[in-house]
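In what follows, a structure is listed as structure tokens, so that the remarks can point back to it.
Read the figures in this text as sums done on the coordinates, not as results from a lab. This one's a predicted model, so the numbers in the text were calculated from it and none came from an experiment. Cβ sites come from the backbone with ideal geometry, for glycine too, and all protein chains shown count toward neighbours.
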Amino acid sequence: MMSTTRTTADRSAVRTLLRLWPYVRPVRARLFTAAAVAVVASCTGLVIPLVLKWLVDGPVAGHDPAGVWLGALYLLLLGIAEAVLFGIRRWLVARPLSRVEAEMRAGLYRRLQRLPVAFHDRWASGQLLSRGTTDLMLLRMFLAFPLTFLLVNGVTILVGVIIMLVQDWMLGLVILGPAVPVMWTCAVFERRYARVARRAQDQVGDLTTVVEESVLGIRVVKGFGRHRSQARAFRELAGRLRGTELRKARLLATIWGVIVALPELAIGAALVLGAVRVADGELTAGTLVAFLSTALALRWPVDSIGFLLAMTQEAATATERYFEVMDEAPEDAAEGSGEGTAPGAVGVSGAATASGSLPVPRAEVRAGAGAGIRFEGVRFRYPDAPPGSPPLLDGVDLHIRAGESMALVGATGSGKTTLTALVPRLYEVTSGRITLNGVDIAEIPREELRSRVAVAFEEPTLFSASVGENVLMGAPDGAGKPELDRALAIARADFAHALPQGTDTRVGEQGLSLSGGQRQRLALARAVVGRPEFLVLDDPLSALDVHTEAAVEAALRQVLADTTALIVAHRPSTVLLADRVALLSGGRIAAVGTHRQLLRDNAEYAHLMSGRREESR
Ligand SMILES: Nc1ncnc2c1ncn2[C@@H]1O[C@H](COP(=O)(O)OP(=O)(O)OP(=O)(O)O)[C@@H](O)[C@H]1O
Ligand SMILES: [Mg+2]
């Protein structure tokens, strides 16, 4: 389990958050209106002290009950106006912001689907999951609240301070006293909080990964009695997260202490000084009342700055984490423009990549010697292989003629699965090239390539969907029952018809559990349902009993007759399906021939096959 790069250091929260603009743009009108309304609402609150001043110095001092009632009415109306305006703000932002969140989440999911397999090899799924959930929620909260209120409170504080200075500049300066230490604390706090916030959010990702792994691997966990150690691992991570959260809380408490205490002291000082000056007759009582109630009205805007800054930092971290995924080059970027050469994301696939997709005349190709699948000097090493290690595939040359089926045999770990993954470009070759009917696969648009090449992987994955939907995934849109039935027949997966709801039965995580052999046959059906031109099967029959295997083979032979196929095989019986066999050894194709020839001439092949035979019989 690996977490991703954790760079926090000194990033600017503002610059990071500005990256959200493209997503916010569509709702900017509403957001700005809402902010403006909030500013007006907040400043309405500041008029209240002025009315108080008029009330105290006028009707109250002059013992005029009618005037007092009028003043009270004004105050009531101001209060109502403020409340209504804040209500309008809420109403303005709620819907557009949930849209922004949904948009960003959809964007993330879309990107995850398009990122190369090499990316998913590198990233723990929990990290991706937490970015799509917790982080996006933090962002929505930020857009709804701190973003507006940092502005609103800033303006309110400014206006309030001006009002106080106009009322009485001496008291105003007393109130302004703590400004510098408070700002300094905020700056220090921000930097520290950013680091801890990042750590906390990464730890949420790690925790998600552990939960996910233990849910998916619950059988292994239970089977080996590891529930205790698994729970311990969880508790440890959760404890670490708790520690980080507590550190966040401590930081927040410190800044809160400073932000609340210092202004409070200043207000106290202003009260004493003001009272003395009223007694001396230098100040009217009304002015002091107005002054102090303005100061009190500013308490909330000042106090809230602490957690608004905290939420902003968390949002900046969330943005950073979001864009770490979004900035990865998707598969398609590697095509044509050549911009997608981010290290590790895609291998450099030679000059062909840069030249874009050239139209190649089909007729010429078919007639040429390149028909079928051809590997030419293919080298490949995994982007995350230890540095200095030799390439896993080191100059593979192999030609599978059109219509031929070729078995691929090799010791476990020799790179068979890797080789098959190169054909649909799940990974990019490091150098060399693979051609289909003479056309470099790097020049074929991925979508077209993958519709022409069908694959069945070693681990048959079924999705939470019906059997039919799972199989028809391999067919072009619009394929239906006839294709489904034919594919199920070829893969000898007729058991599907006997399921509770036939081929509409839901399987996968949330549905009916199938046996390994059943899943393998459905995966095989998925591979053949689209009548692909090229078929790549990674040990497609390994989980079947001898009789079922023979039956599948008989049916598969018909399919293979007019398909060009590469079949990874461990057992002689599977090898016999193919016209010829290639032996993968030491990163190269060591020998090609019929099963019989190789058995006779190649010691390694004979050893591999005989060992297997004893094992499987
Ligand atoms: N995503 C990956 N990143 C780095 N190394 C990998 C990755 N996937 C596989 N490998 C390594 O590549 C080597 C070949 O793996 P591969 O799955 O191609 O073998 P295989 O021939 O299919 O073996 P088997 O017969 O057991 O299925 C292994 O040593 C494996 O550790
Ligand atoms: Mg394999």
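What to note about this one:
- For the range 73-118, a simple Cβ point-charge model (Lys and Arg +1, Asp and Glu -1, everything else neutral) yields a dipole of about 360 debye relative to the Cα centre.
- In terms of packing, defined here as the mean over residues of other Cβ atoms within 10 angstrom, the peptides 277-284, 318-325, 29-36 line up highest first as 318-325, 29-36, 277-284.
- Adding -39500 (n - 2.57) for every DSSP H run of four residues or longer, then dividing by how many residues the chain holds, sets the calculated 222 nm ellipticity at -19500 deg cm²/dmol.
- Spatial separation of Cα centroids for the range 67-136 and the range 201-218, in angstrom: 26 Å
- When +1 charges are put on Lys and Arg Cβ atoms and -1 charges on Asp and Glu Cβ atoms, the dipole computed for the range 19-328 relative to its Cα centre reaches about 1760 debye.
- Compared with the dominant Cα axis of the chain, that is its longest principal axis, helix 481-490 is turned about 50°.
- The alpha carbon radius of gyration of the range 119-169, expressed as a multiple of 2.2 N^0.38 Å, is 2.10.
- Among SER42, ALA591, ILE373 the positive-end extreme of the charge dipole of the chain (Cβ point charges): ALA591
- Here the Kirkwood formula, the inverse mean of 1/r across different C-alpha pairs, assigns the chain a hydrodynamic radius of 30.0 Å.
- 21 Å tail of the calculated P(r), the range 495-591, as % of Cα pairs: 40 percent
- Leading residue at positive end of dipole, the range 460-556 (Cβ point charges), from PHE495, GLY530, SER542: PHE495
- Once backbone amide H atoms are built at 1.01 Å from N, ALA465 has VAL507 as its partners under 5 Å, excluding neighbours fewer than 5 places away on the same chain.
- P(r) tail for the range 470-513: Cα pairs beyond 18 Å make up 27% of the total.
- Annotation: peptides 206-217, 395-406, ranked by per-residue average of other Cβ atoms within 10 Å with the highest first, follow the order 395-406, 206-217.
- The calculated FRET efficiency for the pair ASP504 and THR254, based on their C-beta separation and a Förster distance of 51 Å, comes to about 0.25.
- Beta bridges per DSSP with both ends in the chain, % antiparallel, nearest 5: 50 percent
- Dipole of the chain, positive end: most advanced residue of PHE145, PRO116, LEU462 [Cβ charges, Cα centre]: LEU462
- Rg/Rh, computed from the Cα trace of the range 19-328 with Rh as the Kirkwood radius, has the value 1.12.
- Highest average packing first - 449-456, 72-79, Cβ atoms within 10 Å: 449-456, 72-79
- For the range 210-328, the alpha carbon positions stretch 86, 36, 16 Å along the principal axes, listed from largest to smallest.
- Dipole magnitude (debye, nearest 20) for the chain, charges at Cβ of Lys, Arg, Asp, Glu: 740 debye
- Residue order, fewest to most surrounding Cβ atoms within 10 angstrom, among LEU419, LEU584: LEU584, LEU419
- Ellipsoid equivalent to the range 389-503 - semi-axes via the Cα gyration tensor, in Å: 32, 17, 14
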